[in-house]
Structures are given as structure tokens and as C-alpha cells.
Amino acid sequence: MATLVLDNGAYTAKIGYSQEKVSVIPNCQFRSKTSRLKTFTANQLDEIKDPSGLFYILPFQKGYLVNWDVQRKVWDHLFGKEMFKVDFADTSVVITEPYFNFTSIQESMNEILFEEYQFQSALRINAGSLSAHHYFHTNPSELCCMVVDTGFSFTHIAPYCRSRKMKESIRRINVGGKLLTNHLKEIISYRQLHVMDETHVINQVKEDVCYVSQHFYKDMEIAQAKGEENTVMRDYVLPDFSSIKKGFCKPREEMVFSGKYKTGEQILRLANERFAVPEMLFHPSDIGIQEMGIPEAIVHSVESLPEEMQPHFYRNVVLTGGNTLFPGFRERLEAELRALVPAHLPVSVVLPANPVCYAWEGGKLLAHNPDYDEMVVMREDYEENGHCICEEKFDI
């Protein structure tokens with residue numbers, strides 16, 4: 001019996017059989033300006049000739065799966081003959097869902113997995129639980145860990161002790177990659193070019209040039225300097241989708257500091273945007289979101305736990321999710337945590353080699369775990385007992 005592990009994120013789905021490698025695929029549908037009528041699903045994105053003004057149709061809203069029609073299309077594509085060729089009658093599925101997911105969404109998911117696709121068995125679990133499983137598997141001597149999962153829709157801080165999640169101490173910050181990209185779109189549209197429709201392009205800009213500042217005010221001063229002294233400033237060449245397929249950052253030596261470029265490229269000049277955008281993960285109040293930043297939220301979560309456990313959590317902070325890929329993210333988080341945590345407690349923040357697929361790898365390990373068969377719900381059980389069997393079995 002094969003096991004398919006699907007970390008069903010709001011931005012990308014991480015999917016693969018437990019014996020094979022993972023594929024990271026956009027979890028949405030696209031329409032392009034040029035071919036209005038045609039809808040592209042998931043990794044058909046590469047077939048779009050002109051991705052300017054790309055229109056996203058997302059199955060997730062505010063982190064929860066609400067658009068089932070789109071999700072079905074994406075799953076049909078993933079499970080179908082072009083991709084994973086799933087033989088449902090002989091396949092078990094591990095699928096992730098957000099913390100505190102709504103019962104109605106869980107029931108719809110059960111129905112789709114068991115009644116429409118007819119998987120042999122299923123395990124529905126939080127992505128953070130898979131990350132924790134992965135961490136405890138690689139560090140068997142540790143008892144506790146704090147999973148910081150900062151994704152597309154929001155950031156979760158979830159403490160785990162001996163693979164059990166401490167439900168009362170989970171914290172959520174409503175800042176994720178989607179908000180960062182949208183904020184960058186707004187800043188650029190206000191200061192230079194109208195790019196409100198160019199989500200795809202600006203998302204690429206964010207990934208290419210943004211970083212987390214270690215000294216915010218110092219970098220702010222550098223960003224205001226004129227000419228050569230401004231070491232923060234970068235010129236980003238926007239794609240025109242004919243000769244330049246993908247935007248890129250101009251090398252420092254080719255930058256023109258005074259006057260215009262002779263070449264006909266379209267240039268975005270970015271200075272403080274580079275670090276002011278990811279700064280929102282640390283200070284959401286900067287843009288009027290009245291919530292704690294990640295370091296504060298970690299401390300707030302740990303302090304709500306029993307005192308004798310607290311040192312273990314600060315020692316094992318694991319970062320997962322796409323936002324952790326900003327350069328300087330780990331260092332900044334460790335420095336800020338260090339400042340907030342009592343001096344006699346050691347603080348250690350771990351950034352895995354591949355934070356985006358860390359939960360998926362955890363699911364792969366879990367599928368090979370001898371207890372795996374105890375955790376899943378079989379299709380016969382579901383057909384006999386309905387949703388209640390899933391509620392009993394899955395620790396959500």
C-alpha cells in the first residue's frame with residue numbers, strides 16, 4: 001500500500017509518495033490577461049507565455065480552505081495521470097490542515113477524500129505536528145520544541161512536548177507572505193510604478209531583494225544616503241516577458257547612480273522597501289496590525305506553559321515556512337529572543353536546510369512509523385461511523 005503525503009498549503013502544495021521525493025506545486029489556478037477564457041491549474045503556470053497581470057484563484061482565504069471547486073481542480077490535476085497517477089483504492093493519504101480548523105471544513109475534507117476520491121485510509125494532521133515529529137526524530141534527546149511556522153496566510157507559534165501539541169499555548173499572528181507581497185505592491189505603486197495587478201512579478205521581487213534587517217534604524221539611515229554610499233539600494237530589472245523572462249537584480253557594478261539607464265529595461269529602484277517589508281513579521285504594528293511580532297509571541301506562548309518546561313522550548317525553536325527564507329531572518333529572531341528571555345536560559349533558533357518542505361519530510365517519516373496504521377482512519381470505518389470517527393482519531 002502506497003502512502004501519499006500532501007502538505008496542502010495556501011500558497012504551495014508539497015506532495016509526494018513516502019518512498020519518493022517531494023514536489024512543490026502552486027496550490028491555485030491562474031488566468032492570464034491574454035487568454036482570459038483559459039484557466040491554468042497548479043504547475044501549468046509554466047505554460048503561460050505572458051504572466052503579466054496574472055489573476056490568481058486561490059482555494060484558501062485567510063488561511064482556511066473555503067473554495068472547494070478550485071481545490072478539487074488542483075487535486076484532480078495532482079492525483080491524475082499527468083502527475084502522481086494515484087490508485088486510490090490502494091493508497092493512504094496524509095494531509096495537512098491549519099490549527100483550529102473549522103468543523104465544516106474538516107467534514108467537507110473527509111467527504112472529498114473518502115467519498116469522492118475513495119482513498120483507502122487518511123490521516124488529517126496539522127503541518128506543525130509533522131514538523132515537530134521531524135524535529136524529535138532528528139533530535140531524539142529533546143523533549144520539547146517550539147515550531148514557528150510562518151507561511152502564506154499567517155504565522156503560527158506552536159509548542160510541542162513529546163510530540164503532543166500544547167493547545168492552550170498556540171499563538172497566531174495574522175502576518176504571512178501574502179500580506180508582505182501586497183504591502184510591497186502598495187509601496188511600489190505609491191512611490192514609483194502602478195503594480196497592483198502584478199502579484200506574480202512583485203512576489204518574485206520580494207523573494208529576490210527583500211531581507212531582514214539586523215539594525216532597522218541604522219539601515220534606514222543608509223537607505224537615505226545619496227549615490228554610492230547607499231549600500232542598501234538595488235536596481236531591479238522587471239521582466240518584459242519577451243526578452244527578459246524573469247526579473248533580476250542588477251549587479252552592483254552595473255548600477256547607474258545618477259541619471260537614467262541607456263538600455264530600455266524597466267527598472268524598479270528599491271531602498272528601504274527591501275527590509276521594511278519583512279520587518280512586519282517582527283513589528284506588525286508598523287502597518288497598523290495590532291498584534292505581537294514573532295519574538296514577543298514566542299515569549300508569550302512559552303510563559304503560559306509550566307515553568308519547568310520553559311527552558312526546553314527556548315533551546316529548541318524550529319523555523320518552518322517560506323518567510324524564514326529571507327536572509328537574516330534566523331539571526332534577527334535569535335537576537336530579539338535573546339533580549340527578551342532571562343539571561344540564564346540558553347536560546348537556540350534552528351533553520352532547517354529546507355524549511356518549506358520540513359513538514360512534508362516529517363509526514364514522510366511518520367508514514368514509515370510503526371504506529372502509523374493506528375493513527376489513520378480506514379475507509380470502511382468512515383463509511384460505518386461517519387465524521388465522528390475522524391473527530392475521535394485525529395488530534396486537531
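Brief remarks on what is shown
- Filter pass, VAL94 being of a type in the set (Val, Ile, Thr), closer than 22 Å to ALA127 by Cα and outside any strand (DSSP E or B): no
- Sole exception among (1) touching a strand residue (DSSP E or B) at 6+ places or on another chain (Cβ under 7 Å); (2) assigned to a loop (DSSP other than H, G, I, E, B) for PRO159, by number: (2)
- Every pair of residues 6+ apart whose Cβ atoms lie under 6 Å, when the first sits in segment 50-78 and is closer than 12 Å to ASN27 by Cα while the second is open to solvent by 20 Å² or more (accessible area, probe 1.4 Å) and β-branched (Val, Ile, Thr): VAL70/ILE57
- Look at (1) of a type outside the set (Asp, Glu); (2) closer than 22 Å to LEU179 by Cα; (3) surrounded by fewer than 19 Cβ atoms within 10 Å (Cβ to Cβ); (4) touching a helix residue (DSSP H, G or I) at 6+ places or on another chain (Cβ under 7 Å) and you find that TRP68 fails only one, number (2).
- Long-range neighbours under 7 Å by Cβ, at least six apart or interchain, first residue in contact (Cβ under 8 Å) with a residue 24 or more places away in the chain within segment 1-25, second surrounded by 18 or more Cβ atoms within 10 Å (Cβ to Cβ) and among the basic types (Lys, Arg): VAL5/LYS364; ASP7/LYS14; SER18/LYS364; VAL22/LYS14; VAL24/LYS14
- Listed here are the helices (runs of 4 or more DSSP H) enclosed by segment 186-298 that have at least 3 residues being open to solvent by 20 Å² or more (accessible area, probe 1.4 Å) and within 21 Å of VAL175 (Cβ to Cβ): 199-209, 216-224.
Table: residues versus (1) in a loop (DSSP other than H, G, I, E, B); (2) of a type in the set (Val, Ile, Thr); (3) within 17 Å of ILE112 (Cβ to Cβ).
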site: LEU4; (1), (2), (3): no, no, yes
site: LEU45; (1), (2), (3): no, no, no
site: TYR56; (1), (2), (3): no, no, no
site: VAL70; (1), (2), (3): no, yes, yes
site: LYS81; (1), (2), (3): yes, no, no
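- Number of the condition not met by PHE84 [criteria: (1) in contact with a Lys or Arg (Cβ under 8 Å, 6 or more places away or on another chain); (2) more than 24 Å from THR150 (Cβ to Cβ)]: (1)
- Within segment 184-226, considering residues that are touching a strand residue (DSSP E or B) at 6+ places or on another chain (Cβ under 8 Å) and of a type in the set (S, T, N, Q), the one farthest from LEU268 (Cα to Cα): THR199
- Residue match in segment 297-309 (condition: in contact (Cβ under 8 Å) with a residue 60 or more places away in the chain and hydroxyl-bearing (Ser, Thr, Tyr)): yes
- Being open to solvent by 10 Å² or more (accessible area, probe 1.4 Å), aliphatic (A, V, I, L, M), touching a residue at least 24 places away in the same chain (Cβ under 8 Å) and farther than 30 Å from PHE88 by Cα is a description that applies to LEU345.
- Single condition THR12 does not satisfy, out of (1) closer than 20 Å to CYS357 by Cα; (2) open to solvent by 30 Å² or more (accessible area, probe 1.4 Å); (3) in contact with a strand residue (DSSP E or B) (Cβ under 7 Å, 6 or more places away or on another chain): (2)
- Number of the exception - GLU47 against (1) out of contact with any helix residue (DSSP H, G or I) (no Cβ under 7 Å at 6 or more places or on another chain); (2) surrounded by 21 or more Cβ atoms within 10 Å (Cβ to Cβ): (2)
- Among the residues making up segment 27-44, those that are of a type outside the set (D, E, K, R) and open to solvent by 30 Å² or more (accessible area, probe 1.4 Å) are THR34, SER35, LEU37, THR39, ASN43, GLN44.
- When each of VAL356, VAL317 is tested for being open to solvent by 20 Å² or more (accessible area, probe 1.4 Å), of a type outside the set (Asp, Glu), in contact (Cβ under 8 Å) with a residue 60 or more places away in the chain and closer than 29 Å to GLU97 by Cβ, the lone residue that passes is VAL356.
The values are calculated or read from the model by the stated rules, or taken from the named source; none is laboratory data. As the structure is a prediction and not an experimental result, all values here were calculated from the model. A quick note on method: Cβ atoms are made from the backbone with ideal geometry, for glycine too, and the neighbour counts reach across all protein chains shown. Remember, those area values only see protein heavy atoms, side chains included, never the ligands or the DNA or RNA. Shrake-Rupley method; radii C 1.70, N 1.55, O 1.52, S 1.80 Å.
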